[in-house]
Amino acid sequence: MELDISQQETLPLPLNDTFRAYMERHHLTWVAIARLSGVRVITVWRIWSDLPVFAADAQRVRVAVESLTGYAYLGPLLTYEFLRERMREKHERPIRT
């Protein structure tokens with residue numbers, strides 16, 4: 001017995017794409033995400049533009065978009081904390097002679 005699954009609803013793949021692509025795929029707006037997450041619209045725009053934000057704001061946005069779409073955003077969100085850590089690591093490397 002064969003089952004015809006061609007008409008079944010499918011789930012979008014949890015691709016590790018950009019936040020911009022995620023927003024476009026799910027038809028999200030900066031304002032909708034900002035309202036639900038409690039962050040400023042400019043913060044959502046910064047994430048959309050691949051610019052750093054505070055880690056707490058990034059986490060609020062992740063929770064909001066999952067709530068809006070039912071699917072977690074699995075891609076990276078650039079944070080100031082991450083950049084500070086990278087700079088610290090860069091300056092702590094030993095100098096090779």
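Below are the figures for this structure:
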read-out: Qualifying residue in segment 53-63 (condition: assigned to a loop (DSSP other than H, G, I, E, B), within 14 Å of the chain's Cα centre (by Cα) and over 17 Å from residue 17 (Cβ atoms)); value: yes
read-out: Filtered residues of segment 33-51 (kept if more than 17 Å from residue 17 (Cα to Cα) and assigned to a loop (DSSP other than H, G, I, E, B)); value: 38, 39, 40
read-out: Tabulated pairs, segment 47-70, first more than 17 Å from residue 31 (Cβ to Cβ) and in contact (Cβ under 8 Å) with a residue 12 or more places away in the chain, second of a type in the set (Phe, Trp, Tyr) and assigned to a helix (DSSP H, G or I), C-beta under 9 angstrom, 6+ apart or interchain; value: 50/19; 51/45; 52/80; 52/82; 54/80; 55/80; 55/82
read-out: Single match in 55, 64, 72 (criterion: at pLDDT 95 or above, in contact with an Asp or Glu (Cβ under 6 Å, 6 or more places away or on another chain) and not basic (Lys, Arg)); value: 55
read-out: Any chance residue 87 is assigned to a helix (DSSP H, G or I) and surrounded by 11 or more Cβ atoms within 10 Å (Cβ to Cβ); value: no
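The values are calculated or read from the model by the stated rules, or taken from the named source; none is laboratory data. As the structure is a prediction and not an experimental result, all values here were calculated from the model. Cβ sites come from the backbone with ideal geometry, for glycine too, and all protein chains shown count toward neighbours.
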